[in-house]
Amino acid sequence: MGTVVDDAASVEFHAFFERHYAELSRLAHLLTGEPDTADDLAADALLALWHRWDRVRAADHPAAYARGVVANLARTRIRSAVRERRRIALFWSQREENVENPDVAGVVDVQEALRRLPFRKRACVVLRHAFDLSEKDTALALGVSVGTVKSQTSKGMAELQRLLGTQGVPQRMQAALGAPRCSPAVEGVRTGEGGGRDR
């Protein structure tokens, strides 16, 4: 790059990349449900961060900023996929399938259940339980209020409980999301609290 400042920025960004790439890829996977494109989304997010690295490195929470970029890219990808599916459905309109009321009894996989949540609920549940972020950090990553995080997480967990049944939801969440331990928010499912307290 030529200058000391540019070299320093490059080294700093490389360290950030090494530290957060796997985490951002995992976040993209959980938000989109598409393991094949998760790495691409993480790479796209990091490329976007590199282009505005001066701003990112000066931010109070660069990792939260990065998670927000991944969330935005994932949301865009999901919307695009939904539009594409609708276009395809026009060609197969003779085959009427009820997608509004899926066979809930057949849903035994948490990741499949997650895909059924609206994006904001899914993002809150994933960041709170898979990444064990506090409500404040989740709000920071998604650009919403702490109250919104509390509400969306609680509603998302309730919806997952409905989809998966009441048996062993916290354990299924841990296994599917790869949470290192049962966080207080997940424990709240057992007691009906739904993760309403920040840590």
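The values are calculated or read from the model by the stated rules, or taken from the named source; none is laboratory data. No experiment lies behind these values; they were computed from the predicted model shown. In this analysis, Cβ positions are derived from the backbone assuming ideal geometry, glycine residues included, and neighbour counts consider all displayed protein chains. We work out accessible area using only protein heavy atoms, side chains counted, and drop any ligands, DNA or RNA first. Shrake-Rupley method; radii C 1.70, N 1.55, O 1.52, S 1.80 Å.
Of all residues in the range 133-158, those satisfying the criterion of being open to solvent by 40 Å² or more (accessible area, probe 1.4 Å) and under 20 Å from Arg26 (Cβ atoms) are Asp137, Leu140.
Considering (1) modelled with pLDDT under 80; (2) over 19 Å from Thr32 (Cα atoms); (3) among the acidic types (Asp, Glu), the lone condition that Asp60 does not fulfil carries the number (1). Within the range 15-46, the set of residues being open to solvent by 50 Å² or more (accessible area, probe 1.4 Å) and hydroxyl-bearing (Ser, Thr, Tyr) comprises Tyr21 only.
Look at the range 6-25: where a residue is among the acidic types (Asp, Glu) and a partner is open to solvent by 50 Å² or more (accessible area, probe 1.4 Å) and not in a helix (DSSP H, G or I), sitting 6+ places away or on another chain with Cβ atoms under 9 Å, you get Asp7/Met1.
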